[in-house]
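S.K.: Before I ask anything, here is the structure I am working with.
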Number of protein chains: 2
Amino acid sequence: MSVNPDRPAEITPEELAAQTALYAPFTQAVRELVDATIRTTVDPATIRTAQAEVEAITARLREEQLEGSLGAHFGHGRARQPWGNTVVGLRNPVAPPLRPVPAGDREGEVHAEVVLGAAYEGPPGLVHGGVSSLLLDQILGTAAAAAGKPGMTAYLNLTYRRPTPLGPLRVEGWVDRSEGHKTWARGHVVGPDGPTVEAEGLFVLPRWARELLARRGDAEAPPAFE
Amino acid sequence: MSVNPDRPAEITPEELAAQTALYAPFTQAVRELVDATIRTTVDPATIRTAQAEVEAITARLREEQLEGSLGAHFGHGRARQPWGNTVVGLRNPVAPPLRPVPAGDREGEVHAEVVLGAAYEGPPGLVHGGVSSLLLDQILGTAAAAAGKPGMTAYLNLTYRRPTPLGPLRVEGWVDRSEGHKTWARGHVVGPDGPTVEAEGLFVLPRWARELLARRGDAEAPPAFE
């Protein structure tokens, strides 16, 4: 795999569709395994057999693999998606994944419906407080990018109004205002009884990213940094 | 599995050791599979075979499983650990896992050495900003609990000083001050070039948790809520 961070390889729509059809169901299968790993109550012998089988699969997958992470190889070009991303990554089993879509009428507003299971637990039966912050950091950054002002988190302030139950949730983000390379965004996690966690953050496009965009000359398609 | 949220089942030290010896390596094997799933470049046929095998393992694990999440069944009793927790859970493949240990000389101070790989990526080659907030929410809560003042996050403010590279990191948390059921904690993620993300948060033991502890009568061993 050749790597040119200044100009990630472009792929055709057909290649993108083929790779999505290959990797999306595979990654989803691993997500299901993660859930089953936490919740299973089968006997020790069955666990040990499963462990040996998982190790064998991993060994075969590792026969050819990237040296580092996925984004560091493919970046976030026009065709490439952030498939390694912890929150939205199609190829990342840790990602629920969140799928933000345009919604509402505020600047850059995006919503995502998500169901969080056992893998995202903090207090018994509740979403880990840090998972809410993880999802909100992502959706606020997505809102900034959707408004054409992508950036990396400079600060993020979270207010926890009530416990967030595991299960179906909605995550919403939008741009509050922007000024030069700075964008202030807001958002919240919404549970069955209303908003549970509120977030407010500042996103800034760092100088190294602005220089990268200038070298690439594709400022018209700014990358999503998170 | 019988469930009594007011009084989670206690297990003997021998049972705890046996379960740790069974589940820790199994969960670690699934963590390795998660990493390989993201980084593999093997051919499509090998991916499809791996998917079918993963689905078969999951089906066997699901033949007997908890109806919901792990913590909701076992809680956080004296012997039981928060094995389902997204950040520290021994049985949760999403957890790196963070292993905070007492360190330093500030109240409740805990440190954790951790290596974050491809599963925790945001911008290319960097830790997702929300992952830093996830780890910090956990370690600040752990510090509060270590100081004998456990609570759930009321607010969490994060300041991102510089990018956090994937790889070896240290996460530190300590108690700043406390007042009744409120505890203010601080912490940071430390990379090769120093602190990258700083956090300050308020942790409060909610009324329902205080009532639960009062019913259980084991206030001398308060549970870790995150």
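Derivation of every value follows stated rules applied to the coordinates shown; laboratory data play no part. For clarity, every value in this text was computed on a predicted model and none was experimentally measured. Neighbour counts run over all protein chains shown; Cβ positions are idealised from the backbone, glycine included.
S.K.: Kindly give the distances from A:R162 to its copy-mates, label point to label point, with each label point 7 Å from Cα along Cα→Cβ, as nm values to one decimal ordered shortest first.
M.R.: 4.3
S.K.: A further question follows. From the Cα gyration tensor of chain B, with a ≥ b ≥ c the square roots of its eigenvalues, which class applies: rounded if a/c is under 1.5, or else prolate if a/b is larger than b/c, or else oblate? Show your work: numbers first, answer last.
M.R.: Numbers: a/c = 2.29, a/b = 1.16, b/c = 1.99.
Since a/c reaches 1.5 but b/c is at least a/b, the shape of chain B is classed as oblate.
S.K.: Put a dot 7 Å past each Cα toward the Cβ at B:R210 and A:A21; how far apart are the dots in nm?
M.R.: 6.0 nm
S.K.: Just to be sure I understand: with springs between alpha-carbon atoms less than 10 Å apart, which residue in B:G194, B:G68, B:G141 has the highest mean-square fluctuation in the Gaussian network model of chain B?
M.R.: Top of the fluctuation ranking is B:G68.
S.K.: Take every Cα-Cα distance within the stretch A:98-216, group them into 5 Å bins from 0 onward, and report for each bin the whole-number percent of pairs it holds.
M.R.: Binned Cα distances yield the sequence 2, 13, 22, 22, 17, 12, 7, 4, 2, 0.
S.K.: Another question, then. Around A:L205, which amide H atoms from residues at least 5 apart in sequence, or from another chain, sit under 5 Å from its own amide H, with H modelled in the peptide plane?
M.R.: A:M152
S.K.: Shape verdict for the stretch B:85-128, please, from the Cα gyration tensor: rounded (a/c under 1.5), prolate (a/b greater than b/c) or oblate. Before the final figure, lay out each step's value.
M.R.: Numbers: a/c = 3.29, a/b = 1.59, b/c = 2.07.
Judged from the Cα gyration tensor, the stretch B:85-128 comes out oblate (a/c at least 1.5, b/c at or above a/b).
S.K.: Go ahead and estimate [θ] at 222 nm for the protein assembly as shown from helices alone: -39,500 (n - 2.57) per DSSP H run with n ≥ 4, summed, over the residue count, rounded to 500.
M.R.: Details: 10 runs with 154 residues, N = 452.
Counting only the DSSP helices, I get -11000 deg cm²/dmol.
S.K.: Specify the inter-centroid distance of the stretch B:130-194 and the stretch A:179-194, based on alpha-carbon positions, in whole Å.
M.R.: 22 Å
S.K.: Let me ask something else about it. Quick check for me: using +1 on Lys/Arg Cβ and -1 on Asp/Glu Cβ, what's the dipole size of chain A about its Cα centre, in debye to the nearest 20?
M.R.: Details: 22 positive and 28 negative charges, 70 e Å.
Here the size comes out at about 340 debye.
S.K.: At A:I11, with labels set 7 Å past Cα in the Cβ direction, how many nm apart are the copies from this one, shortest first?
M.R.: 4.2
S.K.: Now for a separate question. Simple spin-label model, 7 Å along Cα-to-Cβ: A:E67 to B:A56 in nm?
M.R.: In this crude label model, A:E67 to B:A56 measures out at 3.6 nm.
S.K.: Given points 7 Å out from each Cα along the Cα-Cβ axis, report the B:I11 to B:E179 separation in nanometres with one decimal.
M.R.: Going by the 7 Å Cα→Cβ label model, 4.1 nm.
S.K.: For the stretch A:46-64 and the stretch B:14-53, what is the separation of their Cα centres, given in Å?
M.R.: Using only Cα atoms, the two centres lie 6 Å from each other.
S.K.: May I ask you to report, in nm to one decimal and beginning with the shortest, the distances from A:P206 to the same position in the other copies, taking label points 7 Å along Cα-to-Cβ?
M.R.: Between copies, matching label points for A:P206 lie 3.6 nm apart.
S.K.: Nearest 0.05, what FRET efficiency do A:T46 and B:V42 give at R0 = 25 Å with Cβ-Cβ as r?
M.R.: Working: r = 27 Å, r/R0 = 1.09.
Efficiency, rounded to the nearest 0.05: 0.40.
S.K.: Let me know the Rg and Dmax you get for the protein assembly as shown when you use only its Cα atoms, in Å.
M.R.: 21.3, 66
S.K.: Counting other beta carbons within 10 Å of each residue's own, what order do B:T40, A:T37 fall into, fewest first? It would help to have the intermediate numbers written out before the result.
M.R.: Numbers: B:T40 22, A:T37 29.
Result, fewest neighbours first: B:T40, A:T37.
S.K.: Still on this structure: Could you line up A:V114, B:V197, A:V127 from fewest to most neighbouring Cβ atoms inside 10 Å? Walk me through the numbers before you get to the answer.
M.R.: On the way: A:V114 19, B:V197 28, A:V127 25.
Listed from fewest to most nearby Cβ atoms, that is A:V114, A:V127, B:V197.
S.K.: Running a GNM on chain A with Cα contacts under 10 Å, which residue among A:P168, A:P44, A:P195 ends up with the highest mean-square fluctuation?
M.R.: Highest fluctuation of the listed residues: A:P44.
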